[in-house]
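Contents: one structure, followed by commentary.
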Amino acid sequence: MTDHIQAVNERLRDTMADLIGLRVTHAEPRRVAGEITMRTDLSQPYGYIHGGALMTLMDTVAGMASALNLEPGHGFLTVEFKINFLRSVRQGRIVAEATAVHIGRRTHVWQVTAHDEEGRQLALASLTQLVIELRDEVPQGHP
């Protein structure tokens with residue numbers, strides 16, 4: 001599992017996930033967890049976490065979980081993302097966890113939850129990843 005964590009965190013370097021400060025804390029093929037710390041630049045005008053930052057966190061942990069289930073030469077695209085925002089935060093650590101619902105040859109479905117550092121649920125999402133064959137010009141390599 002530790003090897004997966006390191007590989008996933010390296011894979012996220014210089015991506016949007018890196019911009020929000022995402023750090024993967026748990027990585028195995030059927031469950032990936034990661035966290036961010038609330039910062040001013042991740043807020044909306046009233047000081048709460050921006051929905052896009054929270055969605056990026058949740059989409060990324062699901063995506064990295066999908067990456068752990070891919071055959072060489074394949075990638076994925078998020079084709080469906082349904083989220084319920086339940087509460088918000090202005091400070092602290094936010095943790096998201098993706099759990100496999102379905103791992104198929106062509107699609108992966110994930111349930112993702114986000115919680116604050118006190119364990120209160122912030123959001124619940126369902127994501128579907130479409131497995132694609134990568135072309136030669138697309139950088140390959142996955143955790």
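Worth pointing out:
- For chymotrypsin sites (Phe, Trp or Tyr not before Pro), no site in the range 61-131 is both called loop by DSSP and has at most 10 other Cβ atoms within 10 Å.
- Over the Cα atoms of the range 55-100, the radius of gyration divided by the Kirkwood radius equals 1.04; this is the Rg/Rh ratio.
- C-alpha center-to-center spacing [the range 10-50, the range 61-111] in angstrom: 13 Å
- Take the Cα of Leu130, go 7 Å toward its beta carbon, and the backbone nitrogen atoms of the range 52-90 under 14 Å from that spot belong to 75-81.
- Among the trypsin sites (Lys or Arg not before Pro) found in the range 1-57, those both in a DSSP coil and sparsely packed, with 12 or fewer other Cβ atoms within 10 Å of their Cβ, are Arg13, Arg39.
- Local net charge near Val89, Cβ-Cβ under 12 Å (Lys/Arg +1, Asp/Glu -1): +2
- Counting beta carbons within 10 Å around each of Val112, Val79 and listing the fewest first gives the order Val79, Val112.
- Helical runs (DSSP H, four residues minimum) scored at -39500 (n - 2.57) apiece and divided by the length of the chain put the mean residue ellipticity at 222 nm at -6500 deg cm²/dmol.
- Under the combined filter of DSSP loop state and at most 11 neighbouring Cβ atoms within 10 Å, the range 37-143 retains these GluC sites (Glu not before Pro): Glu118, Glu137.
- For the chain, the Kirkwood estimate of the hydrodynamic radius, built from every pair of different alpha carbons, is 15.2 Å.
Quick note: the coordinates plus some simple rules give every number you see, no bench work behind them. Because the structure is a prediction, the values reported are computed rather than measured. All Cβ positions, even for glycine, are placed from backbone atoms using ideal geometry, and neighbour counts span all protein chains on display.
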